[in-house]
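Input: a single structure, listed below in structure tokens.
The values are calculated or read from the model by the stated rules, or taken from the named source; none is laboratory data. These numbers were taken from a predicted model, which means no experiment stands behind them. Positions of Cβ are backbone-derived with ideal geometry, glycine not excepted, and every protein chain shown enters the neighbour counts.
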Amino acid sequence: MRSLKPDYFDAPVFSHIYIEKEILSHPRTRQLLERFPGIPRIEIDHYKDVFCRQKQDYGLQQRSRKLILAGRREHFLYEGAPVCQDFGNRHFYYSSCVMNCIYDCEYCYLKGMYPSGHLVVFVNLEDYFRAVAQKLREHPVYLCVSYDSDLAALEKLLGTCELWTEFAAKHPDLTIEIRTKSANGAMWDRQEPLPNIVYAFTLSPQRIVEQSEHRTPSAQARVSCAVEGMAKGFPVRLCFDPMLYCADWQQEYGSLLQQIDRELEERQMTWEQVRDVSVGTFRISKEYMRILRAKEPDSLVTQFPYENVDGVYQYPPKLKQQMEQWMIEELSGRISKECIYHEYRT
Ligand code: SF4
């Protein structure tokens, strides 16, 4: 059974730590290792020696996870994928300084993308910063730093959001999105709000959290954390994306919206304080879905009879439109239409 313990991530959760020899003396390696006294350490040549091994058992790795500390040598920035919302930004990139997530959503595309469930942390953030600074010399940059992990959920362990925030403070042409399902209110006390750091909370009804988003904080905890951030002046985006189908989805998503209404009201705030919202139903590439279905054979989300539209699995068009339109209409009664993003690039 998949466990859900509120303090699960307060304690080190790794059975072993693998460390690339080349970054053994990197200051961040040393700093991170200090946080894990007593955990067996194994030196390796390259993270792929462990991460890309043949025939890995994903379920076993979920129960006995390894931390891999590595140095990224190339590909510090990627152009945003067409299935991702670009929020109207022309120069849309994402970067991957951590691979994999401490949460366990059944529908997570990382399960389709990576051969391993172990967590890889690239310690050489200075090289990412250099690559972004170089790009900024050409044009403004919109950068999602938390696509291939949930950096805010790992903040206590890694402090990566804080480092990106320090970097963004010096580069006003850079806008960073930190996507998260976490509910760690402590992060609001560790940094100052910046207009160019957007905290994007993915929100789902509690029923879906319990069914499919294992180990994540409850819907209420996420809503409270997001609203607390707004109250403290942080730009917060609310993401109803991916919306997931369930028999009474209107009622479930309606309750979620009411939860947000209540939380805002309790703090004497309004939806106008939400920076923007995004709406989209679940979608995933055909190739990732093939692997995901093999890894999650009992999942209602992965086994749904999706339609393949140009290599992207998505809900049948009628259902997709019905769900997205319903959500947009609900949101339109709460927030200005300009603040609602719902089309991803095709
Ligand atoms: S929070 Fe996001 S990255 Fe983490 S398991 Fe869930 S879908 Fe994947």
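Side notes on the structure shown:
- Long-range neighbours under 6 Å by Cβ, at least six apart or interchain, first residue within 25 Å of Pro140 (Cα to Cα) within segment 89-113, second of a type outside the set (Phe, Trp, Tyr) and within 10 Å of the ligand (Cβ to nearest atom): Ser96/Asp148; Val98/Ser149
- Unique match (being over 26 Å from Ile19 (Cβ atoms), within 16 Å of the chain's Cα centre (by Cα) and either within 16 Å of the ligand (Cβ to nearest atom) or not charged (D, E, K, R) (or both)) among Gly159, Gly112: Gly112
- Close contacts from segment 147-171, counting a first residue that is touching a residue at least 40 places away in the same chain (Cβ under 8 Å) and a second that is among the basic types (Lys, Arg) and within 16 Å of the ligand (Cβ to nearest atom), with Cβ to Cβ under 9 Å and a gap of 6+ residues or different chains, come to Tyr147/Arg179; Asp150/Arg179; Asp150/Lys181; Leu151/Arg179; Ala152/Arg179; Ala152/Lys181; Ala153/Lys181.
- Cross-chain or 6+ apart pairs with Cβ under 8 Å, segment 17-31 first and basic (Lys, Arg), then assigned to a strand (DSSP E or B): Lys21/Glu43; Lys21/Ile44
- Of all residues in segment 37-72, those being of a type in the set (Lys, Arg) and either modelled with pLDDT of 95 or more or within 20 Å of the chain's Cα centre (by Cα) (or both) number 5.
- Condition met for Tyr93 (within 14 Å of the ligand (Cβ to nearest atom), surrounded by 15 or more Cβ atoms within 10 Å (Cβ to Cβ) and of a type in the set (Ser, Thr, Tyr)): no
- When Ile176 is tested against (1) away from the ligand (no atom under 12 Å from the Cβ); (2) modelled with pLDDT under 95, exactly one condition is not met: (2).
- For segment 59-70, the criterion of a residue being within 16 Å of the ligand (Cβ to nearest atom), of a type in the set (D, E, K, R) and free of Cβ contacts under 8 Å to residues at least 40 places away in the same chain is satisfied by at least one position.
- Selection within segment 168-200: residues that are hydrophobic (A, V, I, L, M, F, W, C) and surrounded by fewer than 19 Cβ atoms within 10 Å (Cβ to Cβ). The member of this set that is farthest from Pro217 (Cα to Cα) is Ala169.
- Selection count, segment 145-187, where residues are among the hydrophobic types (A, V, I, L, M, F, W, C) and not in a helix (DSSP H, G or I): 10
- Among residues that are of a type in the set (Val, Ile, Thr) and in a helix (DSSP H, G or I), Ile291 is included.
- Out of Asp148, Asp86, Asp104, sole residue that is charged (D, E, K, R) and buried (at least 20 other Cβ atoms within 10 Å of the Cβ): Asp148
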